[in-house]
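The structure appears below as structure tokens.
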Amino acid sequence: MKSSTRYFLSAVGLVGFLLIWEGIARSGLFATYLLPPPSTIPAALISEIREGIWQVMVVASLRHYSVGFVLGSVLGVGLGVMVALFPRIEAGQAWLARVLRPIPPLAWIPFAIIWFGITETAAAFIISIGIFWINYFTAMGAVQAVDKDLIEVARAFGHRSFPALLRKVILPGAAPGILSGLRAGLGQGWMTVVAAELFGIQGIGQRMIEASGLLASNVVILYMFSIALLYGVSDYVFVLVQKRILAWQR
Amino acid sequence: MAKIIETQDLAVAFAEGDGHNIIFRHLNVSVEKGEFVTLVGVSGAGKSTLLRVIADLIPPYEGSVKLDAAHDPTRRPIAMVFQAALLMPWRKVGDNISLGLDGIDVPAAVKKERVEWTLELVGLAGYEDRWPYQLSGGQRQRIGIARALAVDPAILLMDEPFGALDAITRTGLQDELLRIWQETHKSILFVTHDIEEAVYLGDRVLLLGDKPAHIVNEYHINVDRDQRRESEQFLLMVDEVKAGLLAAMALSNGSG
Ligand SMILES: Nc1ncnc2c1ncn2[C@@H]1O[C@H](COP(=O)(O)OP(=O)(O)OP(=O)(O)O)[C@@H](O)[C@H]1O
Ligand SMILES: [Mg+2]
């Protein structure tokens, strides 16, 4: 398929979706607060921006999202790589990870509040948990999958110390896997951001709950789209960087 | 003459389940300084394994490997051309060739020269900035050869280096290799499945049988190198080694 055809069809899909939605919303079948027409969203955006709410909420969410993302990614990749490199650590974590991993990030909310109070730190902590596990397991798998023959080649040409092997072979070899883990975490983080704000921490999630209490459902939808936009932009930028780093891949 | 490689009652085993799979035992192979030794044998006999233990990539199970390469900080004592090209896909061609140059003590300009010189030698001048995925299989194999030659090793281990190449390129590289060997006084242990190649290149051809691997026979090639490609004597020698290999294979199939 030509890429222009592709763009055209993608646009048709999205616009079609909005038109059908608009049609149903205006048909009078449902009350406006149940299904607000999408044409009311720009007005909601303008008013939220005028009142200075939108900027504040987006910046607040971005702030604890970023902290959670960096924290979860750094710890996840770091520990995942370590575990893959040392069989003893790998054995040591095997059961522990099985016990801790299935606990959903939101189940940590009570402890987040007990430990950190209703603070941004609490939200960042919850966001970091989901991101941590994704990166932990993908980084571990990526390092374990590094071609052993290439490690042998590096050793044959004089790179025998552990730091040298790490730098010359293991990390570059694991980079594609690690980067795709980071990208998955980027999306996972947005999924928990709203939930992490539901208990009163300032941000998009908190504003959505407030608006739904006032039955201002077009404001709720506005923030849903805001999240989609933030995710879309961050993912797009990430993919650009990723392509640069992995220029060596076919 | 002094021996530059000498294995003494060498054994190699791979862990298998709870025990060991012994590939060979009591293997005594040596290469003299400046000698070109070729190694032929049944597939799976242990030729690559022997090169890997000599290069200290796997440990001996019993016995030892003694290397006697003079210490020289401007070259590596030993280098290997692997059976598969094994380039690092994240390094450009030039950086793959300079993999072994990182640790040796020559100025950056000399390193760059060596990369260019070896690229030219393998017929790929100007390919420095390509990624490995942009090369054909045979081109990758030639970069593997360049990578080993770039460190100017005293001992060169080559595992079927020309296997993936067309006849013309192969003949050209055989002669280049002989020239480099003569000019730089390297000692070479060269594995091949091509018996004519073994007899053409080697001062001595070792025939490795298997189960467990052992040296079945060795052939001293006493034919002048410029007489080799077609002289009667050369062809007789090739036939003799072929007969030896066939016998070794028959034995191998019989016992396995
Ligand atoms: N890493 C390994 N672990 C276990 N067994 C191995 C390993 N490497 C090689 N072997 C075994 O050792 C034997 C010798 O293998 P090797 O690669 O040395 O053979 P070869 O003579 O080079 O064969 P070919 O001519 O096909 O390249 C084979 O039976 C192989 O199965
Ligand atoms: Mg082999």
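Just so it is clear, none of the values below were taken in a lab; they were calculated from the coordinates. Everything numeric here is computed off the predicted structure, so don't read it as measured data. Neighbour counts run over all protein chains shown; Cβ positions are idealised from the backbone, glycine included.
Counting, for every residue in A:155-163, the Cβ atoms of other protein chains within 10 Å of its Cβ and taking the mean gives 6. If only the Cβ of Lys and Arg carry +1 and only the Cβ of Asp and Glu carry -1, the dipole of the range B:1-64 around its Cα centre is close to 200 debye. Each stretch of four or more DSSP H residues adds -39500 (n - 2.57); spread over every residue of chain A, this sum gives -26000 deg cm²/dmol at 222 nm.
Quick check on packing: order B:61-73, A:152-164, B:230-242 by the mean number of other C-beta atoms within 10 Å, highest mean leading.
Numbers: B:61-73: 13.3, A:152-164: 18.0, B:230-242: 14.9.
Answer by packing, highest mean first, reads A:152-164, B:230-242, B:61-73.
Sorting A:57-70, B:99-112 by their mean Cβ neighbour count within 10 Å, with the most densely packed peptide first, gives A:57-70, B:99-112.
Computed from Cα atoms, the angle from the helix B:232-255 axis to the main principal axis of chain B rounds to 60 degrees. Length gained on full extension, residue A:149 to residue A:115, computed as 0.36 nm times the residue gap minus the Cα-Cα distance: 7.5 nm. With respect to chain B, whose longest principal axis is taken over its alpha-carbon atoms, helix B:167-184 is tilted by about 80°. Highest GNM mean-square fluctuation among B:87, B:135, B:173, for chain B modelled with Cα contacts below 10 Å: B:135.
Let me make sure I get this right: for chain B, a, b and c are the square roots of the gyration tensor eigenvalues over alpha carbons, sorted descending. Under 1.5 in a/c it's rounded, otherwise prolate if a/b > b/c, else oblate. Which is it?
The shape class here is prolate.
Averaged across B:84-94, how many Cβ atoms of other chains sit within 10 Å of each residue's Cβ atom?
Per residue, the number of nearby Cβ atoms from other chains is 4 on average.
Within chain A, the whole DSSP H helices whose Cα atoms reach 24 Å or more along their own axis and whose mean Kyte-Doolittle score is at least -1.0 are A:3-26, A:53-85, A:120-144, A:171-197, A:217-245. Between the helical axis of B:108-121 and the dominant principal axis of chain B, each derived from Cα atoms, what acute angle in degrees is found, rounded to the nearest 10? The angle comes out near 60 degrees.
Per residue of peptide A:147-153, the mean number of Cβ atoms on other chains within 10 Å of the residue Cβ is 5.
Mind telling me which of A:117, A:185, A:205 comes out most flexible in a GNM of chain A, alpha-carbon contacts under 10 Å? Checking each option, the largest mean-square fluctuation is seen for A:117. Modelled spin labels at residue B:125 and residue A:242, positioned 7 Å past Cα toward Cβ, are 4.2 nm from each other.
Restricting attention to the protein assembly as shown, the count of lysine pairs at 8 or more positions apart or across chains with alpha carbons under 20 Å apart stands at 22.
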